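Below: the structure, in structure tokens.
Derivation of every value follows stated rules applied to the coordinates shown; laboratory data play no part. Values in this document were obtained by computation on a predicted structure and should not be read as measured data. Neighbour counts run over all protein chains shown; Cβ positions are idealised from the backbone, glycine included.
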Amino acid sequence: MKITIKTIAELAGVSVSTVSKILNNYEDVGTETKERVLKIMEEHGYPSANANKASRRKSQLIGVVYAGKINAEFNHLFFVDVINAFKKRIGLLGYDLLFFSNERLEDSEGDYLSRCRHYQVDGCVIISGDEIDSGIAELDQSDIPCIGIDLELTGNRSGYVMSDNSSISNRAVEHFYLQGYKEFGFIGCSGTSRISQFREQSYRDALQRYGLPVTESHFNNGNDFFEHTGYEVMTRMIKAGTVPRAIFAASDLLAIGAVRALRDKGLNVPGDVAVIGCDDIEACNYVTPPLTTVRQDKEKIGLLAALMLYDLMNGQLQSSSVMVAPELVVRQSCGS
């Protein structure tokens, strides 16, 4: 059996965070608990706190982890822009990036924490995925400093940066309301996408605050955040006759796919259906009509992630989180 920090925690009857504290010589763990955990580590050949500390040296490497299911790719334009901003700043601070493949997670030595220790990375940036792999929690609770992007981390040496998703949905509803729309829909990503779930719930809450109707048949989800999915979901809605006057999509790519489906079926945007996306990727300027969207400040998110991770690695920051305010960008797909 492969021994991990989670295994040690289960054998000792404590939490993973408690084992992490012992590995990092935190003083808020009882003597009896600490001795029990250290004994189990010794019995199973797990590196002790002192050995762990002694083996670490500065590598000037930052691990980049996509916290999604097997075979996922870094193919969402939002995350590409964020990572580019992160790379530029962390590079100026003297670090290189090491991208971890998630195809190895089923190997005996394929978990993220083991590989991070093997390469002796100084820290990790973890990007949210549709389905969060269980190995992310072990990495988060370890002694390796981690920053999550659109992913809440709770470890003692972790933090996260994300857009204020509640505000994103509020901005969309506010604009629809100001334009006089009375019938609303939503296209998102189903399954375990926490970001899509949060945006949908915030959208529902905002509609209710304005006294606007929530019609369940107008709320639909696909399997991911990409254009083909937006096209497929919108096509289903058109065939079912459940197309509202105003639609908010959880990503620009979903919105662009929805607009294409509407136009292919002879519907006018925004004359028949108004559409708002989320992210403000470059393609928003070039679709017909140009897409109204809620901009996430991708450069600021990447910059903050780099600076916060640097401070975590150098002991200048404790576990922390930052919400970045979004901005509505009005184009032709939804009013003026």
Calculate the length of the line joining the C-alpha centroid of region 148-181 to that of region 10-24, in whole Å.
-> 32
Which cross-chain or sequence-distant (5 or more) residues have an amide H under 5 Å from the amide H of L98, H modelled 1.01 Å from N in plane?
-> I62, G63, V64
Asserting the computed 222 nm helical MRE of the chain (DSSP H runs at least 4 long, -39500 (n - 2.57) per run, divided by residue count, to nearest 500) equals -12500 deg cm²/dmol
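Which of K88/K298; K58/K88; K58/K298; K6/K58; K6/K34; K87/K300 have a Cα-Cα distance over 23 Å? Display every interim value, and only then the final one.
Values: K88/K298 13 Å; K58/K88 20 Å; K58/K298 29 Å; K6/K58 26 Å; K6/K34 15 Å; K87/K300 12 Å.
Check vs 23 Å cut-off fails for K58/K298; K6/K58.
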Among F186, S333, A240 the positive-end extreme of the charge dipole of the chain (Cβ point charges) = S333
So what is the relative contact order for the chain, in percent, with contacts set as C-alpha pairs under 8 Å and at least six apart?
-> 17
Rounded if a/c is under 1.5, else prolate if a/b beats b/c, else oblate: with a ≥ b ≥ c from the C-alpha gyration tensor eigenvalues square-rooted, which is the chain?
-> prolate
Sequence-distant or interchain residues sharing an amide H contact under 5 Å with I247, placed H: which?
-> G185, A274, V275, I276
In Hz, Karplus ³J(HN,Hα) per residue of region 271-284 (6.51, -1.76, 1.60; θ = phi - 60°; x = Gly, Pro) | x, 9, 9, 8, 10, 10, x, 8, 2, 6, 6, 4, 4, 4
Sorted by chain and number, the residues with a modelled amide H under 5 Å from that of I127, at a separation of 5 or more or across chains, are V65, Y66, A67, I149
Given +1 on the Cβ of Lys and Arg, -1 on the Cβ of Asp and Glu, and no further charges, what dipole in debye does region 165-297 carry about its Cα centre, rounded to the nearest 20?
-> 360
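Let me make sure I get this right: for region 190-243, a, b and c are the square roots of the gyration tensor eigenvalues over alpha carbons, sorted descending. Under 1.5 in a/c it's rounded, otherwise prolate if a/b > b/c, else oblate. Which is it?
Here region 190-243 falls in the oblate category.
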Contact order relative to length of region 165-297, as percent, for alpha carbon pairs under 8 angstrom and 6 or more apart | 24
For the chain, percent of DSSP beta bridges that are antiparallel (nearest 5) comes out at 5
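Does region 165-297 classify as rounded, prolate or oblate by the C-alpha gyration tensor (a ≥ b ≥ c root eigenvalues; a/c under 1.5 gives rounded; else a/b over b/c gives prolate, otherwise oblate)?
The shape class here is rounded.
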Gaussian network model of the chain, springs between alpha carbon atoms under 10 Å - residue of P326, P213, P145 with greatest fluctuation = P213
Please give the net charge around M234, taking every other residue with its beta carbon less than 11 angstrom from that of M234, where Lys and Arg add +1 and Asp and Glu add -1.
-> +2
HN-Hα J couplings of region 163-171 from phi, Karplus 6.51/-1.76/1.60, θ = phi - 60°, integer Hz, Gly and Pro as x?
-> 5, 6, 5, 5, 5, 4, 5, 4, 5
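Only Lys, Arg, Asp and Glu count, each charged at its Cβ (+1, +1, -1, -1), so figure out the dipole size of the chain about its Cα centre, rounded to 20 debye.
That gives a dipole near 420 debye.
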In order over region 251-259: 3J(HN,Hα) from phi, Karplus 6.51/-1.76/1.60, θ = phi - 60°, whole Hz, x for each Gly or Pro, gives 8, 5, 5, 4, 5, 5, x, 5, 4
